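Data block below; observations after.
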Number of protein chains: 2
Amino acid sequence: MNVVATVKDMQARADQWRRDGKKIAFVPTMGYLHDGHLALMKMARRHGDILVISIFVNPTQFGPQEDFERYPRDLPRDLKLAESVGVDVVFTPSAEEMYPQNYQTYVEVTEVSRPLCGARRPGHFRGVTTVVAKLFNIVKPHVAVFGEKDYQQLVVIRRMVQDLNMDVEVLGHPTVREKDGLAMSSRNVYLSSDERKVALRLYQSLMKAQELVSNGITSAAEVLQEVRSILAPDDRLVIDYAEIRDPETLEELDEINGPALLALAAFVGKARLIDNIVLTPRS
Amino acid sequence: MNVVATVKDMQARADQWRRDGKKIAFVPTMGYLHDGHLALMKMARRHGDILVISIFVNPTQFGPQEDFERYPRDLPRDLKLAESVGVDVVFTPSAEEMYPQNYQTYVEVTEVSRPLCGARRPGHFRGVTTVVAKLFNIVKPHVAVFGEKDYQQLVVIRRMVQDLNMDVEVLGHPTVREKDGLAMSSRNVYLSSDERKVALRLYQSLMKAQELVSNGITSAAEVLQEVRSILAPDDRLVIDYAEIRDPETLEELDEINGPALLALAAFVGKARLIDNIVLTPRS
């Protein structure tokens, strides 16, 4: 496994692989890898001859009041984990390599970036799409894998790829969960053991919502009322949003007559956690 | 010479050329080709094994009050001219192929897009950078050639390519002029024969400015005063802007102590014309 830190080196390797007819699979990450990341890498491994991951805590997708500084980092451990799943190259640029002085170009997806996390984290998706566009130009992948836990991010990236005619196949991987259902996240490290139990309410409310919908409830308001009562019966969890939206356009839905995204964001202690499910009504 | 209308077809050809080790050179145009365009193509021809041009009047770079509808078009003539300089493929997509329903992604370069034409044509450079990013993803060129007549556009595109790590070499070609000095432009077709004579003032003022600077004048204000007096001694020409700026950052200059961009935009009849020179003081 090779560790590459410069754009020039990474592009030269990608060019050579492409000349050799190799298929490049790519998983961008912010590091502090967990089993969710490793599942994406295993999936990517099956879709390419060469597996590249990036580890880059991207400053432009964090707001000024957010957790960029304290976001967990552990490169030596990440490298061991990456090697264990067959990663060929880890691209780990510095912030200066990615955003040199005078940097001033941004990629922005408008409509699907607006609701949900886009509304609560101004500039977040602009930071995400810009860095992913850069990484695609640097790694030159044929296929890239993203987790469905960041559901809106996946929708936004698919939209960017289609709109800008990027010749990259984007694959989503189902959310990987702990045994009790908590969605894996690097930010779970912020949780105390008490908060860890409270955080489980997100998964519990998603399951309850699917149960209601399976039982024939079609009113989004009714489902959301139940979700909110499970999430926040006390102030140890503060709901940031709980919304039901179209899984592709992310437009708000009043009635659940087909697949419907239930997306949650909540603060538990110092952690802001997100989770989601695509609810499917009984047929 | 082949004419290609779909993104998919164009990308497949580009992939094959790249697999075959061919170098792809690209000239994006809005058609209605003149000798300026043909000079860019001849330059590109020397830099690649395969020469692709695009002909696409890009709606997103025109303002609502601008000349998108009446912009001159003549595809049969363009194809003959392209063939005469050895173009291999002409990519001519429809507007629907480039901007399908639900399109919502934009590439924006901030600082260098703001002054000059950026200040007078809101959204213009966002339209340019977005379509060029798309065209680069579709044609997959190793090298692309742009005219220096659109000087700010060249600066903006170079900035985008560098910032987004696009692996494309951007070459500028000196402005091609008529015998009397008028910069070639598809929009010159809007000029009556009287207006054609008035339009020559742009070139005349550029030449006078260089003469002043060669004679040791370093005050930008002094040069601009002379430029304005040549451009608009009567109301047959209306100055849109006449400014002296740093050739790379496009920041305004008060003193001309090194290369300095003199950029002009002016209305003559129905035409908005631009021209520029990089003034060089005596050493």
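Just so it is clear, none of the values below were taken in a lab; they were calculated from the coordinates. Not measured: the values here are computed from a predicted model. We place every Cβ from the backbone using ideal geometry, glycine too, and count neighbours over all the protein chains shown.
Descriptive notes on the structure:
- Folded to 0 to 90 degrees: helix B:75-84 orientation relative to chain B principal axis, Cα: 90
- Secondary structure note: in chain B, about 50% of the DSSP beta bridges are antiparallel.
- Sparsely packed chymotrypsin sites (Phe, Trp or Tyr not before Pro) within region A:37-74, loop by DSSP, other Cβ within 10 Å at most 16: A:F68
- Residues with amide H under 5 Å from that of B:K23, placed H, sequence gap 5 or more: B:D49, B:I50
- Identity and axial distance of the chain A residue whose Cβ lies nearest the axis relating A to B, Å: A:V107, 3
- Helix B:7-19 axis, angle to chain B major axis (alpha carbon atoms, nearest 10°): 80
- For the protein assembly as shown, share of DSSP beta bridges that run antiparallel, in % to the nearest 5: 55
- Under 17 Å from B:K80, Cα to Cα: lysines that are on another chain or at least 8 residues apart: B:K42
- For region B:160-267, the set of GluC sites (Glu not before Pro) satisfying both a DSSP loop assignment and a count of at most 11 other C-beta atoms within 10 Å is given as B:E251.
- Amide H partners (placed H, <5 Å) of A:S219, local residues excluded: A:I256
- With its label point defined 7 Å out from Cα along the Cα-to-Cβ axis, A:P233 lies at 8.9 nm from the matching points of the other copies, in increasing order.
- In whole percents, the pair-distance distribution calculated for the protein assembly as shown from its alpha-carbon pairs, binned every 20 Å from zero, is 19, 45, 28, 8, 0.
- For region A:175-283, applying the loop criterion from DSSP together with a ceiling of 13 other beta carbons within 10 Å to the trypsin sites (Lys or Arg not before Pro) yields A:K179, A:K270, A:R282.
- Region B:73-108 and region B:153-192: distance between their alpha carbon centers, rounded to Å: 17
- Here is how far apart the B:K179 label points are across copies: 9.0 nm, shortest first, using a point 7 Å from Cα toward Cβ.
- Straight-line reach from B:K208: taking Cα to Cα under 23 Å and skipping same-chain neighbours fewer than 8 places apart, the lysines in range are B:K149, B:K179, B:K197.
- Label-point spacing at B:K8 relative to the other copies reads 4.0 nm, in ascending order, each point sitting 7 Å out from Cα along Cα→Cβ.
- Computed from phi, the 3J(HN,Hα) profile of region A:115-128 under the Karplus parametrisation 6.51, -1.76, 1.60 (θ = phi - 60°) reads x, 6, 4, x, 6, 8, 10, x, x, 4, 6, 4, x, 5 Hz, with x in place of Gly and Pro.
- Nearest-ten-degree value, helix A:151-163 long axis tilted from longest Cα axis of chain A: 50
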